[in-house]
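A.B. asks: If you scroll down you'll find the structure; I have some questions about it.
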There are 2 protein chains.
Amino acid sequence: MPEKASPSSVGLVTTESVTFDTELRLESGRLLRPVTLAFESYGHLNNDRSNAILVTHAWTGDAHAAGRHSEDERKPGWWDNMIGPGKPLDTDRYFVVCSNVLGSCKGSTGPTSINPATGSPYALSFPVVMIQDMVRAQKLLIDYLNIPSLLSVIGGSMGAMQALSWAILYPETPRSIVPIAGTGRAAPMAIALNGLARQALYNDPLWKKGNYKPDAPPESGLALARAVGHISFLSAASMKIKFGRRFSARDGLFDFFGKFEVERYLDYNGNNFVRRFDANSFLYLAKALDLFDAAWGFDSLEAALEHIACPSLWFAFSSDWLYPPEDTELLIDTLRKLGKNVEYHRIVSDYGHDSFLVEPEKFTPLLVDFLRRIDESSDAQRPL
Amino acid sequence: MPEKASPSSVGLVTTESVTFDTELRLESGRLLRPVTLAFESYGHLNNDRSNAILVTHAWTGDAHAAGRHSEDERKPGWWDNMIGPGKPLDTDRYFVVCSNVLGSCKGSTGPTSINPATGSPYALSFPVVMIQDMVRAQKLLIDYLNIPSLLSVIGGSMGAMQALSWAILYPETPRSIVPIAGTGRAAPMAIALNGLARQALYNDPLWKKGNYKPDAPPESGLALARAVGHISFLSAASMKIKFGRRFSARDGLFDFFGKFEVERYLDYNGNNFVRRFDANSFLYLAKALDLFDAAWGFDSLEAALEHIACPSLWFAFSSDWLYPPEDTELLIDTLRKLGKNVEYHRIVSDYGHDSFLVEPEKFTPLLVDFLRRIDESSDAQRPL
């Protein structure tokens with residue numbers, strides 16, 4: 001079976017790309033044209049085009065959510081344990097789509113794209129984008145794929161913000177949403193942490209106000225910026241489990257430059273990250289995270305959430321201090337007051353914000369059951 | 001009353017300095033000579049030299065704990081609301097001493113000091129120091145002041161580590177200790193945050209592996225390092241109270257460089273900090289914080305704490321995520337198992353690690369009562 005990279009994998013996949021030669025009006029008022037989106041899809045759209053699930057990715061994610069691009073690709077897509085035949089997002093049953101967000105650097109239009117007005121990369125002339133803009137671009141893709149309604153929009157972290165925005169902006173399209181480890185708006189702690197990451201890049205002389213050379217990117221600034229983010233994805237408890245106070249075996253305790261294992265790990269990951277992500281995209285997406293407010297464009301949070309027409313399933317994680325459960329619970333309370341169909345689970349996990357990636361088994365049974373109910377209730381409503 | 005800077009102030013004060021031409025053997029095994037300590041004192045030592053309280057400062061603190069150096073000094077000493085006539089550390093009753101720690105840059109020997117072997121500043125040739133080394137240097141000062149026993153050693157954060165180390169290393173000297181918002185050993189989260197601060201400085205090209213010019217210090221790196229620390233001193237709740245999601249009134253929401261108020265505040269404070277603190281000292285003290293382990297040099301934490309001979313009063317703060325209450329409670333449980341005289345209060349406060357500076361009224365009545373009891377029991381034991 002050469003097409004299967006591993007048992008129950010979606011196998012070999014290709015990232016596709018579509019360019020919309022249309023003017024996308026952004027929340028900022030600026031117009032963007034053209035808009036290219038990279039995307040992947042897994043499984044098959046059924047005859048009545050009713051089994052599509054949109055998966056929305058987090059900050060530094062991409063369209064490559066499952067399978068492998070080649071037999072020797074080192075790692076499968078970022079949510080491969082969730083997407084495939086017999087997996088929670090079962091590709092024998094569902095047609096799963098994932099697209100790279102607007103503003104990213106993984107095939108969709110972003111600051112590394114060529115500005116057609118100048119023939120050069122946008123860099124900092126790229127417009128500031130909001131989560132809502134990402135969702136509007138995704139709507140172009142879903143229309144292009146001729147998908148009239150989505151069985152669900154599912155995503156964690158920044159993906160949760162997109163799922164929520166889908167239900168507010170396009171209440172007629174998703175038949176459910178599943179925001180995981182999200183928030184209705186970034187809290188000042190999350191903003192402050194992103195502020196450190198920004199400053200780490202601004203301080204790097206190679207950043208050059210965003211006009212770095214492709215062959216001389218601001219690596220040390222980006223590695224530090226990533227390490228700031230990384231800390232916010234972990235928790236005090238998970239660090240104790242993983243590292244404790246172990247000191248690097250290679251260093252002397254009294255060496256000035258000696259490191260604890262937790263530092264070495266953050267360095268290692270930060271330095272790997274610079275090879276796979278663009279500094280300006282990192283900054284644009286950080287800004288989108290910070291600016292996110294579900295109430296944006298409405299008089300109040302209630303007025304925004306009032307638009308939601310579909311059932312929603314929410315997960316938050318006890319040790320998540322980036323988007324703590326209380327933030328999700330504020331949304332849940334408001335949705336319940338509005339009489340919306342809402343299901344919420346506060347999952348006990350030590351793995352901080354990353355819990356949704358580290359311990360998916362703690363919530364996937366609930367997710368599978370929810371999707372089946374949505375699917376079946378849709379069947380029931382559909383004319384025979 | 002020209003000597004009083006404000007009512008109930010200790011008035012005008014001077015930082016004194018003493019140099020010990022002795023070889024201090026550090027925990028690293030390295031020898032340091034000479035050792036200069038800057039210190040201030042308030043109130044008067046009584047006839048039987050029994051009313052001295054040593055105040056130990058935090059990371060970037062100094063010997064200037066109370067009063068003013070001149071009538072027009074903008075701010076009084078860092079703990080002025082605690083030290084003075086009629087204040088919790090009542091200088092009508094107690095003789096209060098505060099000394100700048102070894103490794104700092106505020107008058108005591110540290111990396112900015114001249115290395116007598118070379119005639120140049122130590123910079124990174126300064127030996128790594130531990131909290132225990134700071135305490136050994138303080139013992140030289142207390143002996144020099146001819147103080148046979150201390151009524152108490154009181155300090156917050158890094159000051160709490162020093163207070164605890166005093167009771168372990170010199171059980172015959174303090175008659176009590178009051179560690180506030182401390183820990184028995186830095187957790188990996190605290191180490192990871194300091195790791196970010198270190199990297200921020202290492203990334204600054206002006207840092208030059210510690211050999212920066214005095215007139216060209218690594219300001220942007222140090223400001224960012226300070227901002228990392230600053231975040232860890234606050235809490236998610238205090239940031240919500242203080243900043244919420246307010247955006248800088250001077251910036252446009254869609255400006256790439258636009259800032260939220262919380263970012264502007266961290267920038268402002270970081271940039272102020274670089275004018276008053278040395279980058280290498282900052283790094284040496286961060287290392288001392290990370291290396292701190294009360295069990296250092298003993299077979300176990302129990303074996304270390306077994307040495308404590310005096311009563312201890314402990315405060316931890318509910319929203320402190322740098323040195324969370326659980327860390328203090330581990331010490332308390334151990335001390336109680338060992339049958340030690342220990343009093344512990346978990347103070348509910350929204351102000352994170354900084355609570356001990358922001359809401360002193362929540363614990364000072366308990367502190368005042370404790371000190372009075374120590375003072376009176378000492379009187380009772382003293383031969384008439």
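A.B. asks: Tell me the residue from A:Val97, A:Val10 that is in a strand (DSSP E or B) and not small (Gly, Ala, Ser), please. First the steps, then the outcome.
C.D. replies: Details: A:Val10 fails: in a strand (DSSP E or B).
Within the list A:Val97, A:Val10, the selection yields A:Val97.
A.B. asks: Report yes if some residue within the range B:169-177 is part of a strand (DSSP E or B) and either surrounded by fewer than 24 Cβ atoms within 10 Å (Cβ to Cβ) or among the hydrophobic types (A, V, I, L, M, F, W, C) (or both); otherwise report no.
C.D. replies: Within the range B:169-177, the subset part of a strand (DSSP E or B) is B:174, B:177.
Then keep just the ones that are either surrounded by fewer than 24 Cβ atoms within 10 Å (Cβ to Cβ) or among the hydrophobic types (A, V, I, L, M, F, W, C) (or both); that gives B:177.
Yes, because at least one residue in the range B:169-177 is part of a strand (DSSP E or B) and either surrounded by fewer than 24 Cβ atoms within 10 Å (Cβ to Cβ) or among the hydrophobic types (A, V, I, L, M, F, W, C) (or both).
A.B. asks: If you don't mind, there's one more thing I want to ask. Which of the residues spanning the range A:343-369 are crowded, with 19+ Cβ neighbours inside 10 Å and closer than 11 Å to A:Leu313 by Cα?
C.D. replies: Across the range A:343-369, the qualifying residues are A:Phe363, A:Leu367.
A.B. asks: OK, next. Can we say B:Pro218 is touching a residue at least 40 places away in the same chain (Cβ under 8 Å) and more than 7 Å from chain A (Cβ to nearest Cβ)? Reasoning before the result, please.
C.D. replies: Working: touching a residue at least 40 places away in the same chain (Cβ under 8 Å): yes; more than 7 Å from chain A (Cβ to nearest Cβ): yes.
Here the answer is yes, as B:Pro218 does meet what is asked.
A.B. asks: Which fully enclosed helices (runs of 4 or more DSSP H) of the range A:277-343 have 1 or more residues being over 30 Å from A:Ser108 (Cα atoms)? Spell out the reasoning first.
C.D. replies: Details: elements: A:279-291, A:301-305, A:325-337.
Because the criterion is at least 1 residues that are over 30 Å from A:Ser108 (Cα atoms), the helices (runs of 4 or more DSSP H) in the range A:277-343 that meet it are A:301-305, A:325-337.
A.B. asks: A further question follows. Every residue in the range B:103-152 that is in contact with a Gly (Cβ under 8 Å, 6 or more places away or on another chain) and on the phi > 0 side of the Ramachandran plot, please.
C.D. replies: Of everything in the range B:103-152, those that are in contact with a Gly (Cβ under 8 Å, 6 or more places away or on another chain) and on the phi > 0 side of the Ramachandran plot turn out to be B:Gly103, B:Ala123.
A.B. asks: For the range A:287-321, which residues satisfy the criterion of being over 25 Å from A:Glu27 (Cα atoms), within 14 Å of chain B (Cβ to nearest Cβ) and open to solvent by 10 Å² or more (accessible area, probe 1.4 Å)?
C.D. replies: Hits for the range A:287-321 are A:Ser319, A:Trp321.
A.B. asks: Considering only the range A:83-90, I want to know if a residue exists there that is open to solvent by 40 Å² or more (accessible area, probe 1.4 Å) and not in a loop (DSSP other than H, G, I, E, B).
C.D. replies: Step one: of the range A:83-90, the residues open to solvent by 40 Å² or more (accessible area, probe 1.4 Å) are A:86.
If we keep only those that are not in a loop (DSSP other than H, G, I, E, B) too, we end up with none.
Within the range A:83-90, not a single residue is open to solvent by 40 Å² or more (accessible area, probe 1.4 Å) and not in a loop (DSSP other than H, G, I, E, B).
A.B. asks: Kindly indicate the residue of the range B:56-82 that is polar (S, T, N, Q) and in a loop (DSSP other than H, G, I, E, B) and also most open to solvent (accessible area, probe 1.4 Å) among those meeting that condition.
C.D. replies: As a first pass, look at the range B:56-82 and keep what is polar (S, T, N, Q): B:56, B:60, B:70, B:81.
Next, only the ones that are in a loop (DSSP other than H, G, I, E, B) stay: B:60, B:70, B:81.
Details: B:Thr60: 21, B:Ser70: 43, B:Asn81: 82 Å².
Restricting to residues being polar (S, T, N, Q) and in a loop (DSSP other than H, G, I, E, B), the top hit is B:Asn81.
A.B. asks: If you don't mind, another one. Name every residue in the range B:359-380 that is touching a residue at least 24 places away in the same chain (Cβ under 8 Å), among the hydrophobic types (A, V, I, L, M, F, W, C) and more than 15 Å from B:Ile83 (Cα to Cα), in order of residue number.
C.D. replies: The answer is B:Leu366, B:Phe370, B:Ile374.
A.B. asks: Which condition number in (1) out of contact with any Cys (no Cβ under 8 Å at 6 or more places or on another chain); (2) more than 10 Å from chain B (Cβ to nearest Cβ) is the one that A:Tyr265 fails?
C.D. replies: Failed condition: (2).
A.B. asks: Another question about this same structure. If A:Asn211 satisfies every condition in (1) more than 14 Å from chain B (Cβ to nearest Cβ); (2) more than 18 Å from the chain's Cα centre (by Cα); (3) not basic (Lys, Arg) but one, which is the exception?
C.D. replies: Every listed condition holds for A:Asn211 apart from (1).
A.B. asks: Which members of the range B:227-236 meet the condition of being more than 17 Å from B:Leu201 (Cβ to Cβ) and facing chain A (nearest Cβ under 9 Å)?
C.D. replies: Our first condition is that a residue be more than 17 Å from B:Leu201 (Cβ to Cβ); within the range B:227-236, this holds for B:233-236.
Hits for the range B:227-236 are B:Leu234, B:Ser235, B:Ala236.
A.B. asks: Something else now. Could you tell me whether any residue of the range A:325-340 is open to solvent by 10 Å² or more (accessible area, probe 1.4 Å) and either of a type in the set (Phe, Trp, Tyr) or touching a His at 6+ places or on another chain (Cβ under 9 Å) (or both)?
C.D. replies: There is no residue in the range A:325-340 that is open to solvent by 10 Å² or more (accessible area, probe 1.4 Å) and either of a type in the set (Phe, Trp, Tyr) or touching a His at 6+ places or on another chain (Cβ under 9 Å) (or both).
A.B. asks: While we're here: Under 7 Å between Cβ atoms, at least 6 apart or on separate chains: pull out the pairs that start in the range A:234-261 with a residue that is under 16 Å from B:Leu291 (Cα atoms) and polar (S, T, N, Q) and end on any residue that is at pLDDT 95 or above and buried (at least 20 other Cβ atoms within 10 Å of the Cβ).
C.D. replies: Taking only residues 6 or more apart or on different chains, the pairs are A:Ser248/A:Phe260.
A.B. asks: Regarding the range A:111-121, can at least one residue be identified that is open to solvent by 20 Å² or more (accessible area, probe 1.4 Å) and of a type in the set (A, V, I, L, M)? It would help to see each step written out before you state the result.
C.D. replies: Looking only at the range A:111-121, we keep the residues that are open to solvent by 20 Å² or more (accessible area, probe 1.4 Å), and these are A:112-121.
This time we only want the ones that are of a type in the set (A, V, I, L, M), so: A:114, A:117.
Scanning the range A:111-121, I find at least one residue that is open to solvent by 20 Å² or more (accessible area, probe 1.4 Å) and of a type in the set (A, V, I, L, M), so the answer is yes.
A.B. asks: List the number of the failed condition for A:Asp204; all other conditions in (1) within 8 Å of chain B (Cβ to nearest Cβ); (2) over 18 Å from the mean Cα position of the chain (by Cα); (3) buried (at least 17 other Cβ atoms within 10 Å of the Cβ); (4) assigned to a helix (DSSP H, G or I) hold.
C.D. replies: (4)
A.B. asks: Limited to the range A:21-32, what total is found for residues that are outside any strand (DSSP E or B) and either under 13 Å from A:Leu140 (Cα atoms) or of a type in the set (Gly, Ala, Ser) (or both)? Show your work before the answer.
C.D. replies: So in the range A:21-32, the residues outside any strand (DSSP E or B) come out as A:21-23, A:26-30.
From what's left, either under 13 Å from A:Leu140 (Cα atoms) or of a type in the set (Gly, Ala, Ser) (or both): A:21-23, A:28-29.
Residues that pass the stated criteria total 5.
A.B. asks: For the range B:239-252, name all the residues that are in a loop (DSSP other than H, G, I, E, B) and within 7 Å of chain A (Cβ to nearest Cβ).
C.D. replies: Kept after step one, since they are in a loop (DSSP other than H, G, I, E, B), are these residues of the range B:239-252: B:243-246, B:248-252.
B:Phe243, B:Gly244, B:Arg245, listed by residue number.
A.B. asks: Of everything in the range A:268-284, what is more than 9 Å from chain B (Cβ to nearest Cβ) and in contact with a Gly (Cβ under 6 Å, 6 or more places away or on another chain)? Give them in sequence order. I'd like the intermediate steps shown before the answer.
C.D. replies: The first filter runs over the range A:268-284 and keeps only residues more than 9 Å from chain B (Cβ to nearest Cβ), leaving A:268-269, A:271-282.
Within the range A:268-284, A:Asn280, A:Ser281 qualify.
The values are calculated or read from the model by the stated rules, or taken from the named source; none is laboratory data. Small disclaimer: the values here were computed from a predicted structure and weren't measured. Cβ atoms come from the backbone with ideal geometry, glycine included; neighbour counts cover every protein chain shown. Only protein heavy atoms, including side chains, enter the accessible area calculation; ligands, DNA and RNA are left aside. Shrake-Rupley method; radii C 1.70, N 1.55, O 1.52, S 1.80 Å.
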